[in-house]
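The values are calculated or read from the model by the stated rules, or taken from the named source; none is laboratory data. If you're wondering where the values come from, they're calculated on a predicted model, not measured in any experiment. Every residue, glycine as well, gets a Cβ built from its backbone with ideal geometry; the counts of neighbours run over all protein chains shown.
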Amino acid sequence: MIKTKTLNMALLSLGLLLFAFLVYRIDPAAIAVHFRALGWRLILLLLPYAFGYFFFTLGWKATLADGASVPFPKLFLIRQAGEAINSLTFSASLGGEPVKTYLLRSCRVPLEKGLTSIVVTKTAMTLAQMTFTVIGVILTVRQIGLKSPFLAFSAALVMAWIPAMAFFIIIQRQGLFAGLLQPAKRLSFLKTWLQRWGERINDLDRQIAAFYTKDARSLVLSYGLHLGGWMVQSLEVYWLLSFLKLPVDLPTALAVQGLSVLTKAAAFVIPGALGVQEGGNLLIFLGFSLPVEAGMTFSLVRRGRELLWIGLGLAMLARYSLQGQERDAGIRSVVGVSQEKGRDALDGMK
């Protein structure tokens with residue numbers, strides 16, 4: 001764990017240094033001019049991602065068998081709590097998924113059903129993300145041709161992404177978690193643990209595999225909702241460039257957003273893709289003959305928006321933690337009263 005924390009801090013520090021260097025090179029004074037031009041309309045730029053997250057939560061709810069029992073606002077906050085952990089840790093955007101599972105159990109969603117929905121939703125979201133970036137690459141080719149070396153890099157990532165996703169889906173249908181636990185069966189000290197949890201793990205794999213045959217419509221619905229979420233978030237690019245009075249149309253906004261999403265996904269080893277995402281955005285803006293100052297303004301607006309959503313997610317975690325402490329205190333109080341009454345009854349019998 002110490003090594004993981006050390007690596008996490010080292011990568012975060014590296015990203016922070018790159019981020020600071022890029023801001024310095026672009027000229028903070030020029031970036032400030034763009035922010036003054038945006039003015040109060042910065043608030044409007046929060047809306048596209050809010051609507052995007054609304055679609056993403058609906059996409060999760062579509063795969064949740066007990067989704068109707070979880071209020072949408074609660075599900076929205078649970079998702080944000082998990083995504084906050086994903087953004088802050090070196091975990092390939094997977095560290096927050098156990099948090100989502102844990103918080104779902106507070107809504108009385110069984111462990112297997114919660115995990116099934118999370119695995120399937122992650123698959124649907126990644127497929128939608130892949131589709132959206134392919135759309136971005138195609139639109140980029142139509143807008144600027146094949147002259148950008150960054151475009152070739154993006155196309156290569158997409159081509160590597162497709163077989164990786166196909167393999168992941170095949171593994172899910174054959175038994176994702178049981179396969180991961182195969183090495184553990186060779187360790188004698190885990191024998192008791194495997195006897196206790198082995199059947200539940202096999203049941204989880206069966207539920208995930210069954211989802212792709214019995215609930216395919218829910219998977220397709222989740223995929224469509226996630227793709228819609230990515231599309232809606234492109235309005236952030238469109239509005240920002242429009243507010244800065246720069247030439248933009250919806251295809252350009254979709255292309256920029258698609259490449260930006262791909263850049264962030266490629267930099268998953270760095271928490272929040274800090275620094276790398278900014279550098280990628282600058283290359284994207286240069287490819288579309290847009291000012292680099294606007295590219296850095298775009299990146300900083302996104303960072304501010306991400307911090308707000310991360311703060312919301314962490315607040316959800318803090319609130320749940322406090323509720324858990326109060327619940328534990330209440331249980332201890334009830335137990336204490338019961339014990340006291342038991343002692344009184346024994347004294348009376350004496």
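Suppose we keep only residues that are touching a residue at least 60 places away in the same chain (Cβ under 8 Å) and small (Gly, Ala, Ser) within region 226-245. Which one would you say is nearest to residue 294 (Cα to Cα)?
The qualifying residue nearest to residue 294 (Cα to Cα) is 234.
From the list 138, 118, 169, pick out the single residue that is modelled with pLDDT of 75 or more and in contact with a helix residue (DSSP H, G or I) (Cβ under 8 Å, 6 or more places away or on another chain).
Matching residue, one of 138, 118, 169: 118.
Looking at (1) surrounded by fewer than 19 Cβ atoms within 10 Å (Cβ to Cβ); (2) farther than 24 Å from residue 145 by Cβ; (3) modelled with pLDDT of 90 or more, find the lone condition where residue 227 falls short.
(1)
Report every pair of residues separated by at least 6 positions or lying on different chains whose Cβ atoms are under 6 Å apart, first residue within region 73-91 and buried (at least 22 other Cβ atoms within 10 Å of the Cβ), second part of a helix (DSSP H, G or I) and modelled with pLDDT of 90 or more.
Hits for this filter: 79/57.
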